[in-house]
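Let me begin by presenting the structure, written as structure tokens, before commenting on it.
Read-outs: derived from the displayed coordinates by stated rules, not from any lab. Just so it is clear, the model here is predicted, and its values are computed rather than measured. Cβ sites come from the backbone with ideal geometry, for glycine too, and all protein chains shown count toward neighbours.
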Ligand SMILES: Nc1ncnc2c1ncn2[C@@H]1O[C@H](COP(=O)(O)OP(=O)(O)OP(=O)(O)O)[C@@H](O)[C@H]1O
Ligand SMILES: [Mg+2]
């Protein structure tokens, strides 16, 4: 049997990924960094290193798998080491019984029904978000299979979520970040030319593998690495609630002050709901605590999410909470205040958020302005929970007076 040529001259960073023994590996890398080649090599070596292993390479679609990976795979696996090659099935069976197959995520039915030992998801951002949790992850369960996710960022999408979540699960997960220039397969002068052609934002995404949105982000100071951390409810601190009255969803965030920090440790997002239901949920979670609710100030006489006859504010008071007497202000001030607390001019981050506030985190990352305007794009539905946060901060740090954005109000 012909031996596998292990001398693949992997670049330093490719080699680091390659030698990582974690069960799940995420590689976020720039264009032409060498992602596909590394991913296939990882699959091939794992197929060789045990008998009867089932190894899948998955591209976003079948045609892509055939076009970008089939030729490379055949070059990596010596003919003498193969026992069968099917051009039809895009599969290679090795003499040791292991099988390597290429698939497209666009045909999920061709994937189901088998247990896998190793899987590569190449250009993961271009796949349907359900591909991993619904289709591929269950296939790894019986054989305790391993997965390599690799790709160039697209935006704050499922690839980003997975990359960020992996940070908190270090026991099984490893993540790598690699710029194109670190791959060494694109010359520096070519990179400079491309940058001039496509602009720096797109260049950051495509070649520096940075998660970007190409539209302007509303909460541009939010940084998941720096504003998100584990938080605990202090025993005696008043509970502070920011609340957006909306039927679908009705949103509230729950916070406390800790020194100069505002710590958001919980969120409540209820679909098809109303104010009494929200107050019941708050009282259920925070039984015996007292605090202040900072509602949307425009809701002073509103009954939209309340049953007929009572205002939203009245319902909050009847549930045992104080309603903060907020004044009206401009939306732009609210957004500026949130950004200033996320990170001020001195680089201080005074607004911290618990990782369990998933809706809020997603919204702070993903809410953008409508193209070419300063109007937040509400079609995404991400704005309600960030509005709730804004109402709280505007109550605590009103934008009037000389110390705009920094004057605390006692609660
Ligand atoms: N270890 C290696 N040894 C030799 N050549 C390599 C190696 N890794 C990558 N290359 C070469 O670098 C080029 C880019 O590799 P590859 O297609 O794997 O990159 P990619 O990051 O998947 O690109 P894309 O962003 O277009 O999907 C190819 O020509 C490939 O042959
Ligand atoms: Mg590729």
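Observations, loosely collected:
- The chain: relative contact order in percent, alpha carbon pairs under 8 Å with at least 6 residues between: 15
- Estimated Rh, the stretch 40-155: Kirkwood, alpha-carbon pairs, angstrom: 14.1
- Spin-label model distance (nm) - residue 223 vs residue 290, 7 Å beyond Cα toward Cβ: 4.0
- Crossing angle, helix 383-396 versus the chain [Cα axis fit, 0-90 degrees, rounded to tens]: 40
- FRET efficiency for residue 89 and residue 237, using Cβ-Cβ distance with R0 set to 45 Å, rounded to 0.05: 0.15
- Computed from the alpha carbon positions, the gyration tensor of the chain leads to an equivalent ellipsoid with semi-axes of 50, 23, 18 Å, biggest first.
- Of all DSSP beta bridges confined to the stretch 224-396, the antiparallel ones make up roughly 60%.
- Once the Cα-Cα distance is subtracted from the 0.36 nm per residue extended length, the residue 74 to residue 167 segment shows a gain of 30.0 nm.
- Of all DSSP bridge pairs formed entirely within the stretch 1-131, close to 40 percent run antiparallel.
- Label positions at residue 198 and residue 345, each projected 7 Å from the Cα along the C-beta direction, are separated by 3.6 nm.
- Helix 331-342 axis versus longest C-alpha principal axis of the chain: approximately 60°, rounded to the nearest ten.
- Euclidean distance of C-alpha centroids, the stretch 257-280 and the stretch 96-139, integer Å: 38
- Taking 0.36 nm per residue of separation and subtracting the current Cα-Cα distance, fully stretching the chain between residue 12 and residue 210 would add 69.3 nm.
- Coarse-grained scattering of the stretch 144-270 at q = 0.17 Å⁻¹, given as base-10 log I(q)/I(0) from a Debye sum over alpha-carbon atoms: -1.07
- Considering all C-alpha pairs of the stretch 12-207, those separated by over 24 Å amount to 39%.
- DSSP-defined beta bridges in the chain - what % are antiparallel, rounded to 5: 40
- Contact order normalised by residue count of the stretch 99-231, Cα under 8 Å, 6+ apart, percent: 21
- Kirkwood Rh in Å, taken over all unlike Cα pairs in the stretch 193-263: 16.0
- Label-to-label distance, residue 114 versus residue 280, with points set 7 angstrom from Cα along the beta-carbon direction: 5.1 nm.
- Residues 57, 156 in ascending order of nearby Cβ atoms (within 10 Å, fewest first): 156, 57.
- Sequence-distant contacts, meaning Cα pairs under 8 Å at least 6 residues apart, place the relative contact order of the stretch 12-207 at 32 percent.
- Cα-based Rg and Dmax for the stretch 224-396, where Dmax is the largest Cα-Cα distance (Å): 15.3, 48
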